[in-house]
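These notes are about the structure you will find just below.
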Amino acid sequence: MDNLLWLIPALPLVGAMLLILIGNLLPKTYVAIIGVGSITISAIVVLLTGYSFLSSPPEGGQLTQTLWVWFEVANFKPEITLYLDSLSLVFIFVITFIGALIHIYSAGFMAEDKDYSRFFACMNLFVFSMLILVLADNLLLLYLGWEGVGLCSYLLIGFWHESHANGYAARKAFIITRIGDTAMAIGLFILFYQFGTLSINGILQSAPNLWPVGSAIATATALLLLAGGAGKSAQLPLQTWLPDAMAGPSPVSALIHAATMVTAGVYLIARMHVIFELSPAAQMTVAVIGAATLFIAGFSALTQHDIKRVLAYSTISQIGYMFLALGVGAYSAAIFHFMIHAFFKALLFLAAGAVIEALHHEHSMFRMGGLKDKLPVVFWTFLIGCASLAALPLISSGFYSKDQILWYSWAAEGGDAILWVLALSGAFITAAYTTRMMILTFWGESKTEIGHKPGKLMTIPLVVLAFFALFAGFIELPHNFGHFTLFSDLLHPVLPETRLGESETNEWIFQLVAATVTLGGISLAYYFYYKQPQRLSNLRSSGAFNRIYDFWLSGWGFDKIYDTLIVKPVVYLANINRRDIIDQIYNAITSGTTALYRLLSFTQSGSLRWYVMGLIVGAILILTIQIML
Amino acid sequence: MSASDFYALSPLLLLAGSSVLIMLLIAVRLSHRIIQISSLLLFAISLYSTVFTADILPYRIPPLLIFDGFSSFITALIIFSSLVVNILSYVYFDEKEESPKEYYVLLFLCTLGSCVLAISNHFVSLFLGLEILTVGLYALIAYLRGRNHSIEAGVKYLVLAAFSSAFLLFGMALIYLETGTMNFSEIGERLRTVDNIPVIFITGLGMMLVGVGFKLAIFPFHMWTADIYQGSPAPVTAFIATASKGGMFAVLFRFFASIQGFNFPEIITILSVVAIASMLVGNLLALRQNNVKRILAYSSIAHFGYLFVAFIPRNAISLEAISFYLLSYFITTLTAFGIVTLLSVRETDAEDIGRYKALFWQHPILACVLTASMLSLAGIPLTAGFIGKFYVLAAGLQGGFWLLAIILVLSSVIGLYYYLRIITIMFSKEEHAEIIEKKAHPGFYVASSAALVILTFVILLLGIYPDAVIKLLGGFSMS
């Protein structure tokens, strides 16, 4: 099975290429078979590979497959090599398995769309790029995947390009992530320059010998990589693109902007954890960014009207938890939360997509309601997703993954009380906005008539995902009850175990507090949105409350800040500089080369005499140089 | 001559024999179709024989000829180029009023001349090969004698080639005067025994460079290029751009390696000036050009300038770099001229850039093929041209020739403009020029297109997975 590794990214690539080349000529059924089939087979190959990887672990817990060497010139030798260890195994499992479910869902969801084949071509290409990103053995290939997912994200956010707003959202996502990408590229150049190799493993092995702990270069590199990760994963201060990215179709949001691409930053930091451990300052920054992001995004989610924007802010906030875990050194907790989050958030996006589709593209939760009985499958699966997101104690997988992070944010070596308080308040808000979303969408009176109900293609993936959202958490149980550590055992060959701080902490108390806080959040939302909606209206009539509400609604005014601080000045300067001064340089180059062209063209007179003269002058020139020297 | 001499020479003997055979076939009045197909087979056989005879390398036939990995690779490359030209020729020539049959005889002879250059180790064989090649080319260039440009191009080439041959001969004479031998290796040995390089020798070298520079169309002997490219029939232009230059470049490299010309600072200076000027002048002249054949002519000047960047340092990877670059350049150029040939009509070649307007919307496959070859010429990653250029740059930088490398990069940027310009024109959606369908020979038309598509795949393959070829080239040596 080991030699099948290359098939995993190859299949989606073949699918994408087929669809790009001949997709327009094929009927929709065939397009769906190619688009969905390629990912499904790839997922099966992943399961086979994973099975053989787990049942007979390869030597050193890693598996490399060199497909070919691109070229080998003067010690520069970029290889096309895939690398599989337990970290990338978790990622490829999530990418292909959830990817396949989302593709199946899309076959139903996009059935009426005229650009059916373009959609699947982009989706397949995305899965390919994402797989390359996580399977890359060297920086070059990693970067190829990194840019590839960015491109596909751009193409899919702006998928319905007839509307200007969608095009704007796509550009915004592309440009803002590009800021991070540029930083990351510089970081990768530093790594290549310092270590003289592209191989990630080679770099990680020699880094501790070459760079002392806390050295400036380690910090700089780690921070540059962090900027790349923050851009892709929509963390502070580059988080503003994700809510707008919801302009894409719902399956795109589920796949790219919830389950996979936005967690690329988490993958990058986990993969490069050695560099981060060499710089405690950078690692602390990761934790602080994570904690701040989860807090800020949580409040924004609390006030959104658009169901997908709630989920978008919630995604930002949940990835904040993962960053927090990475920052305090709880790597396997971060990856565990990544996996569980991928299940329930993909589920929530798909279910939300089904609701939106059923309500004639209605996005506002305030015009939904009363769907509990009308869309029973969507209701139950959404409920399970919400339970997991809110981390409902004991019965949801979200509880097990988030509880670990909460505990580590205090108890781990890098943790402290402030991080814990932020994370805990985040949990409270999460529970509150999740309950609010659930109540507004499914309870109360019906405000919009539903159109057609989702078909089997759409409901089956929901049910499967709901199953995992409910039970996937049980593969890793806390130390104090169960102490079942299947997942972290799997990861430990790659990621170091979490070191606990010196002070004794009692895990029971933390769990109790976390559970209480979650239940508190749920009851708060229950009180204001179900029991006493009147109270909320009363509150909203006060000015101060409204100002805070609007502030949160606008995502803490980040868009406005960036607009004032960056966009406006740039546009202003651009306006002053309408006849670009710097352009003059380029214009000079253009006119210079054109003038040279004109001058040289005179020599091309077509006259034979002239050409003979040219030969003679050339000969004289050569002889002169020889005699002069 | 011994049996093994014949064995080693078999590709060349096959080429020579083929020309006689084709002449006989013409004499018995066989149709163009049969002649074209049989010459295709003969080319294929001689190509195969280069592979077949590789087991006796290295081999010498003193004092004239030498066979080693490099020469055999270049020979194969030349024959392969002629084979592709041959495939393209049927559709092109069949509709012209001139009888196309004798064309194939000349094609064999020119190929033979170029191959002789590639294996020569002596001034006599060098000059013999050159003349076999050049005399054939005079006729090939002016083959469509009904066209105005054709005769003009033929006469221009005749006068200039004769003129430059005179320089070449005079240079050889001067070197012979000084060293008393015409064998490359012996010249090299003589030089090693003297302390100061005699002036007469250096002068002779300079004179030879005029002749060689003319054939390779490098600055300042480049001026004929565009006129001759434009005036020749499109398949012949493809031949001039590839096969005719390959042999010359190979012999130049061998000669300089034997006399260790790379140790003379004068030579390095001259070659550097020539290389820099060729890169700049070639790319600048192509900049606003509206004739595709002329664009490709100027671009060839620049590309041979690039080749000199790998040539001058003469280090460990020079040979590999040059071999790879020639391979990628030949395949790419053949593809580009192939499209020009296929789009040509009875009266004129498809040389005006307006003919390519909106080509993509009419002939998507042809447009994609031309796009790939333009990208490869421009050196965009994932094409053969990128790897070739990277190789050349690596060779230049390893030798410490920073100025050459910088000029290479800068002039490539200029070059990008006109390559991309052709691509944008093909994809523009304006009113497109009417392109007359070639219904006359659908079979041959499809075969030619298929050949070009295969070449395109090779371009991409060399860009994505060049390692196999690089390994092969790395095994070549020069003895």
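The values are calculated or read from the model by the stated rules, or taken from the named source; none is laboratory data. Computed from a predicted model, the values in this text were never measured in an experiment. Note: ideal-geometry Cβ built from the backbone for every residue, glycine included; neighbour counts use all protein chains shown. Just the protein is used for accessible areas: all its heavy atoms, side chains included, with ligands, DNA and RNA removed. Shrake-Rupley method; radii C 1.70, N 1.55, O 1.52, S 1.80 Å.
Structural remarks
- Any hit, region A:350-357, residues being under 22 Å from A:Phe428 (Cα atoms), among the hydrophobic types (A, V, I, L, M, F, W, C) and open to solvent by less than 10 Å² (accessible area, probe 1.4 Å): no
- When the residues of region B:432-479 are filtered to those that are open to solvent by less than 50 Å² (accessible area, probe 1.4 Å), within 20 Å of B:Val85 (Cβ to Cβ) and of a type outside the set (A, V, I, L, M), the one that is modelled with the lowest pLDDT is B:Lys438.
- Complete set of residues in region A:377-392 that are small (Gly, Ala, Ser) and either open to solvent by 10 Å² or more (accessible area, probe 1.4 Å) or not assigned by TED's automatic domain parsing to the domain that holds A:Leu462 (or both): A:Ala387
- None of B:Gly171, B:Gly136 is at pLDDT 90 or above and away from chain A (no Cβ under 14 Å) except B:Gly136.
- Test: residue in region A:493-506 that is part of a helix (DSSP H, G or I) and of a type in the set (Gly, Ala, Ser): no
- The single condition among (1) open to solvent by 50 Å² or more (accessible area, probe 1.4 Å); (2) in contact with a Leu (Cβ under 8 Å, 6 or more places away or on another chain) that A:Ala216 does not satisfy is (2).
- Qualifying residue in region B:82-95 (condition: at pLDDT 90 or above and either open to solvent by 20 Å² or more (accessible area, probe 1.4 Å) or within 22 Å of B:Ser185 (Cα to Cα) (or both)): yes
- Only one of the listed residues (B:Ser164, B:Ser125) is within 14 Å of chain A (Cβ to nearest Cβ) and of a type in the set (Ser, Thr, Tyr). That residue is B:Ser164.
Matching residues to (1) open to solvent by 10 Å² or more (accessible area, probe 1.4 Å); (2) outside the structural domain of A:Phe349 (by TED's automatic domain parsing); (3) not in a loop (DSSP other than H, G, I, E, B):
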| residue | (1), (2), (3) |
| --- | --- |
| A:Leu87 | no, yes, yes |
| A:Ile92 | no, yes, yes |
| A:Ala111 | yes, yes, no |
| A:Arg118 | yes, yes, yes |
| A:Asn124 | no, yes, yes |
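- Exclusive hit being within 12 Å of another protein chain (Cβ to nearest Cβ) and at positive phi, set B:Ala217, B:Ala277: B:Ala217
- Pairs are defined by a Cβ separation below 8 Å, a sequence spacing of at least 6 or placement on different chains, a first member in region B:449-468 that is within 14 Å of chain A (Cβ to nearest Cβ) and assigned to a helix (DSSP H, G or I), and a second member that is open to solvent by less than 10 Å² (accessible area, probe 1.4 Å) and acidic (Asp, Glu); no pair meets this definition.
- The set of residues from region B:287-303 being modelled with pLDDT of 90 or more and buried (at least 21 other Cβ atoms within 10 Å of the Cβ) comprises B:Val292, B:Lys293, B:Ile295, B:Leu296, B:Ala297, B:Tyr298, B:Ser299, B:Ser300, B:Ile301, B:Ala302, B:His303.
- Subset tally (residues that are crowded, with 24+ Cβ neighbours inside 10 Å, within 14 Å of another protein chain (Cβ to nearest Cβ) and of a type outside the set (Val, Ile, Thr)) for region B:228-250: 2
- Qualifying residue in region A:89-98 (condition: away from every other protein chain (no Cβ under 14 Å), in contact (Cβ under 8 Å) with a residue 40 or more places away in the chain and under 29 Å from B:Ala384 (Cβ atoms)): no
- Test result for A:Ile80, within 16 Å of A:Val134 (Cβ to Cβ) and either within 14 Å of chain B (Cβ to nearest Cβ) or open to solvent by 80 Å² or more (accessible area, probe 1.4 Å) (or both): yes
- Among residues of region B:253-269 being touching a Phe, Trp or Tyr at 6+ places or on another chain (Cβ under 9 Å) and within 14 Å of chain A (Cβ to nearest Cβ), the one that is most open to solvent (accessible area, probe 1.4 Å) is B:Ile268.
- Screening A:Gly415 on (1) under 20 Å from A:Ala258 (Cβ atoms); (2) buried (at least 24 other Cβ atoms within 10 Å of the Cβ) shows it passes everything except condition (1).
- Within region B:124-162, if we keep just the residues that are in contact with an Asp or Glu (Cβ under 8 Å, 6 or more places away or on another chain) and basic (Lys, Arg), the residue that is nearest to A:Val617 (Cα to Cα) turns out to be B:Lys156.
- Matching residues, region A:151-174, being open to solvent by less than 10 Å² (accessible area, probe 1.4 Å) and part of a helix (DSSP H, G or I): A:Cys152, A:Ser153, A:Leu156, A:Ile157, A:Ala169, A:Ala170, A:Ala173
- Test for B:Tyr143: is it open to solvent by 20 Å² or more (accessible area, probe 1.4 Å), aromatic (Phe, Trp, Tyr) and assigned to a loop (DSSP other than H, G, I, E, B): yes
- Hey, A:Leu268 open to solvent by 10 Å² or more (accessible area, probe 1.4 Å), under 19 Å from A:Gly145 (Cβ atoms), among the aliphatic types (A, V, I, L, M) and at pLDDT 85 or above or not: no
- Residue within region A:593-603 that is more than 10 Å from chain B (Cβ to nearest Cβ), closer than 29 Å to B:Tyr417 by Cα and outside any helix (DSSP H, G or I) present: no
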